[in-house]
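Worksheet: the structure to be examined is printed underneath.
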Amino acid sequence: MKAIAVDDEPIALDIIRAHAAKVPYLDLKATFTDAFKALEYLQKENIDLLFLDIKMPDISGLEFFNSLSKKPLLIFTTAYSEHAATSFEMDAVDYLLKPFSLARFIKGCNKAFELHNFRNASETADHLYVKTGYEQLKVLYDDILYLEAAGNYVTFVLKDRNLLSRSTFAEVAATLPPHKFVRVHRSYIVAINKIDKVERQQVTIHKAIVPVSDAYHQNLMDALKK
């Protein structure tokens with residue numbers, strides 16, 4: 001799993017490098033104290049996982065990640081706890097509060113690696129399994145219109161029925177192939193090929209109106225170009 005780290009504090013990057021060297025499946029390709037140099041790198045290279053500080057000069061980690069058209073898995077590394085809720089709205093895999101231990105770092109990496117494997121498998125699969133109660137139901141990607149989150153539950157809106165699953169949005173998002181689905185709102189993911197009409201603040205899918213927030217509008221525009 002290829003990764004980079006972005007943090008304006010060199011000591012923080014030293015710690016990430018030392019921890020990363022102990023994780024056998026993690027290949028830390030580069031580290032950056034300058035966020036804009038990291039952006040240049042990401043324009044040329046594909047990575048699977050991004051370790052990202054939040055409070056940096058010139059651009060915050062939140063702004064940095066939202067600016068990316070192709071978004072890798074994300075682990076925030078920060079000394080501040082107040083952005084934790086926002087980070088999970090952005091589907092961050094984990095939120096590591098400095099100073100974090102090697103054990104805590106590995107726990108976050110394990111979560112990312114599991115989601116990375118799910119994401120790779122979804123690229124060639126035509127379905128996923130949805131947890132509903134004590135069952136795992138097979139759902140074809142082509143049957144999904146959109147997904148709606150509410151707390152720790154996600155509703156899969158299908159062509160002929162709805163399924164309620166006790167999962168986080170981040171978990172579900174990681175299992176969906178990014179060339180088929182796009183997040184358009186903190187609470188909605190839509191099937192790209194099911195969109196009938198696009199407007200600034202909403203999309204129409206099979207007569208259903210799904211809101212599009214400003215934070216995710218560019219995500220939608222980028223997905224429609226592919």
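On full extension, the segment bounded by Asp222 and Glu9 gains 73.5 nm, given 0.36 nm per residue less the C-alpha separation.
Straight-line reach from Lys159: taking Cα to Cα under 15 Å and skipping same-chain neighbours fewer than 8 places apart, the aspartates and glutamates in range are Asp142, Asp143, Glu148, Asp196. So for segment 18-102, Kirkwood radius off the Cα pairs, Stokes-Einstein at 4 °C and 1.567 mPa s: how many µm² s⁻¹? Reported coefficient: 96 µm²/s. Just checking the listed ones, Val212, Val157, Val182: in the Gaussian network model of the chain with Cα springs under 10 Å, the one fluctuating most is Val157. Comparing Arg200, Arg186, Arg17, which has the greatest mean-square fluctuation in the GNM of the chain with Cα pairs linked when under 10 Å apart? It is Arg200. For the chain, modelled as a GNM whose springs connect Cα atoms under 10 angstrom apart, the maximal fluctuation among Leu50, Leu73, Leu97 occurs at Leu97. Scanning the chain for DSSP H helices at least 20 Å long along the axis (C-alpha atoms) with a Kyte-Doolittle mean no lower than -0.5 picks out 102-124.
With a cut-off of 13 Å on the backbone N, the residues of segment 48-64 near the modelled label site 7 Å out from Lys2 along Cα-Cβ are 48-50. Expressed as a fraction of 2.2 N^0.38 Å, the C-alpha radius of gyration for segment 183-226 is 0.99. Computed in the context of the full set of protein chains, the accessible area of segment 15-85 at 1.4 Å probe radius has 50% of its extent on carbon or sulfur.
Summed over all non-identical Cα pairs, the Kirkwood treatment of the chain gives a radius of 18.4 Å. Within straight-line reach of Lys37, meaning a Cα separation under 22 Å, sit the following lysines at least 8 residues removed in sequence or on another chain: Lys2, Lys29, Lys55, Lys70, Lys71. Beta bridges per DSSP, both residues in the chain: antiparallel share near 65 percent.
The GluC sites (Glu not before Pro) found in segment 32-85 that occupy coil by DSSP, while having at most 15 further C-beta atoms within 10 Å, are Glu45, Glu82. Sites count as exposed loop sites when they are chymotrypsin sites (Phe, Trp or Tyr not before Pro), lie in a DSSP loop, and have at most 11 other Cβ atoms within 10 angstrom; the longest stretch of the chain without one is 26-133.
According to the Kirkwood relation over distinct C-alpha pairs, the hydrodynamic radius of segment 1-48 is 11.0 Å. Note on Tyr80 and Lys55: their simple-model spin labels are 0.5 nm apart, each label 7 Å out from Cα toward Cβ. Measuring how big segment 94-204 is from its alpha-carbon positions, Rg and Dmax come out at 15.5, 49 Å.
The values are calculated or read from the model by the stated rules, or taken from the named source; none is laboratory data. Everything numeric in this text was worked out from a predicted model, so none of it was measured. Backbone-built Cβ (ideal geometry, glycine too); neighbour counts: all protein chains shown. For accessibility, only protein heavy atoms count, side chains too; no ligands or nucleic acids. Shrake-Rupley method; radii C 1.70, N 1.55, O 1.52, S 1.80 Å.
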